[in-house]
1. So which pairs qualify, if the first residue must be in segment 80-102 and of a type in the set (A, V, I, L, M), the second must be open to solvent by less than 40 Å² (accessible area, probe 1.4 Å) and not in a helix (DSSP H, G or I), the Cβ gap must be under 6 Å, and the two must be at least 6 apart or on different chains?
2. Residues of segment 1-20 being within 14 Å of the chain's Cα centre (by Cα) and either at pLDDT 95 or above or part of a strand (DSSP E or B) (or both), which ones?
3. Please verify whether Leu73 is of a type in the set (A, V, I, L, M) and at pLDDT below 95, treating the condition exactly as stated.
4. Do we have Gly94 as at pLDDT below 95 and on the phi > 0 side of the Ramachandran plot here?
5. Kindly provide the set of residues from segment 133-149 that are under 13 Å from Thr96 (Cα atoms) and either open to solvent by less than 30 Å² (accessible area, probe 1.4 Å) or in contact with a Ser or Thr (Cβ under 7 Å, 6 or more places away or on another chain) (or both), ordered by number.
6. When you check Asp18 against the structure, is it free of Cβ contacts under 8 Å to residues at least 40 places away in the same chain, surrounded by 13 or more Cβ atoms within 10 Å (Cβ to Cβ) and either charged (D, E, K, R) or closer than 16 Å to Gly123 by Cα (or both), yes or no?
7. Of everything in segment 127-149, what is closer than 18 Å to Lys31 by Cβ and modelled with pLDDT under 90? Give them in sequence order.
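The values are calculated or read from the model by the stated rules, or taken from the named source; none is laboratory data. Here the structure is a predicted model, which is why all the values come from computation and not from measurement. Cβ: placed from backbone, ideal geometry, glycine included. Neighbour counts: every protein chain shown. Note: accessible area is taken over every heavy atom of the protein model, side chains too, but ligands, DNA and RNA are not part of it. Shrake-Rupley method; radii C 1.70, N 1.55, O 1.52, S 1.80 Å.
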Amino acid sequence: MYKMTLPSPMGTLTLASDGTALTGLWIEGQKYFAPFLTADTKEAPQLPVFLQTAAWLDSYFSNDETLPPLPPLSPQGSAFRKAVWKLLLEVPAGETTTYGALAKTLQSRGIPASPQAVGGAVGHNPIAILIPCHRVVGADGSLTGYAGGLERKLFLLELEMKNRSR
């Protein structure tokens, strides 16, 4: 396992990789912070996947009109959580969805789901920002929980809306 830290407008980000794909991206101080990083995790800031992630994040935070391709992602979790995280990648930047809508989409694909179960998976997303869990809101459109904090969720949504309105 490899890691690196990266400054961002949201605070320090910690990235994790298996050497090929990104397995984690956490915002300093967020819930469920880097649960599988251990003392023997090696610092590897020049790892290609980290360089690709840093370039993507730089473009994202700079509000570039076009983003480079996402780096390879390999979040670790149950089959259900992986299905939710994969579905989050379908939510366009600058748009939001609800836990209920995600549950209905999963059900339409033959995956049993409830809004509460979806919420649990969204809340444990190990690759913040790139897997856009910040785009999920409550049924009434309210900003609901975000492991990185609601102020950071709002920051990300406003950043994406600014880019979308150009």
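1. Leu88/Ile131; Leu88/Pro132; Val91/Thr97; Val91/Pro132
2. Correct list: Leu13, Thr14, Leu15, Ala16.
3. no
4. On the way: at pLDDT below 95: yes; on the phi > 0 side of the Ramachandran plot: yes.
Yes; evaluated as a whole, the condition is true for this residue.
5. The answer is Cys133, His134, Arg135, Val136, Val137, Gly138, Ala139.
6. The answer is no for Asp18.
7. Leu143, Thr144, Gly145, Tyr146, Ala147, Gly148, Gly149, listed by residue number.
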